[in-house]
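Quick notes on the structure that follows.
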Amino acid sequence: MKKFRGTGVAVVTPFKNDLSIDFTAMGRVINHVIKGGINYIVAMGTTGEASTLTKDEKQALISYVIEAIDSRVPLVIGIGGNNTQEIINYIRQIDLDGVDGILSVAPYYNKPSQRGIFQHFKAIATCSPLPVIIYNVPGRTCCNISSDTCLELAHECENIIAVKEASGDMANIMRIIKGKPENFQVISGDDGMTIPIIAAGGSGVISVLANAFPAECSELVSHSLKYNFKSAREIHFRFMEMIELLFADGNPSGIKAMLSVMNLCQNNLRLPLVPVNRTVYSRIQKAIEEIK
């Protein structure tokens, strides 16, 4: 799926001081990343604090994001969880008109076997009217999608078109790239791993940093996909500290602090997440000043 090649951005969900969704700020972020040249948007993922949104809020957010994007770039929305049937029911009930794909995280907490993981994603793919990107992030889920399971899904489920890989396990990632069908994409889920994953045969990134610096992230990915790794490395090295600061006190706390410094949204998160500590915030302010 060429529409999911390049730079995707896992957009934040801005909140007002009363912690209701700040749709005006959402529009600013969307316009900012599209003007920066990103290729597609991922809403309601981990960075979008989807786990704290109600069903009504999710539908309202999807409707607003579709309107704000206005067909300028494709839209992927996060629909995942650890209750397979509930995910299926939600996909069947929600209005997906204007959405181009679904990102679904590996089921967390239950700690299923690889067979259970396979059946979970197969059931989702079977019911989904849209292409599915599976999301492997064992640091959050305690549930790793093995290369064998990923490849089995890629070969058996036509509707599963990509994996967002945030395991940090390059051996696992390279086994997937080696054995995958030609039209199956391997997408970096970690800003710090974008260059090596693309160098190994990956198709791009779903980036957190691109919320704040979409032009630079897009340029890095573009250079990497053209095998111009010297230029890509220069951008990466310039943003290395910024990437570290994204996760120094948790995600999306880091990126919301950055967006607050840049006056794109307020530095508000819903519990159990909280803003970054003062030391990290000060470091973020300084890093942004130096980048500019």
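Of the beta bridges in region 2-225, as assigned by DSSP with both residues counted there, near 5 percent are antiparallel. For the listed residue pairs Lys111/Lys164; Lys164/Lys286; Lys3/Lys226, the alpha carbons are over 25 angstrom apart in Lys164/Lys286. Using a Gaussian network model of the chain in which every pair of alpha carbons under 10 angstrom is joined by a spring, one finds that among Arg238, Arg175, Arg278 the greatest mean-square fluctuation is at Arg278. Annotation: amide H of Gln266 within the under-5 Å range of Phe15, sequence separation 5 or more or interchain, hydrogens built in the peptide plane.
Under a model in which nothing but the beta-carbon of Lys, Arg (+1) and Asp, Glu (-1) is charged, region 133-275 shows a dipole of about 180 debye around its Cα centre. Each of Arg140, Arg115, Arg283 has some number of other Cβ atoms within 10 Å of its Cβ, and from fewest to most they run Arg115, Arg140, Arg283. With the biggest extent put first, the Cα atoms of region 113-229 measure 39, 28, 27 Å across the principal axes. Distance from the alpha carbon centroid of region 102-132 to that of region 1-79 works out to 22 angstrom. Sorting 15-25, 124-134 by average packing, meaning the other beta carbons within 10 Å per residue, from highest down gives 124-134, 15-25.
Values quoted throughout were computed directly from the atomic coordinates according to the rules given, and no laboratory measurement underlies them. Model, not experiment: these values are computed from the prediction. Don't worry about glycine lacking a Cβ; one is built from the backbone with ideal geometry, like all the others, and counts go over all protein chains shown.
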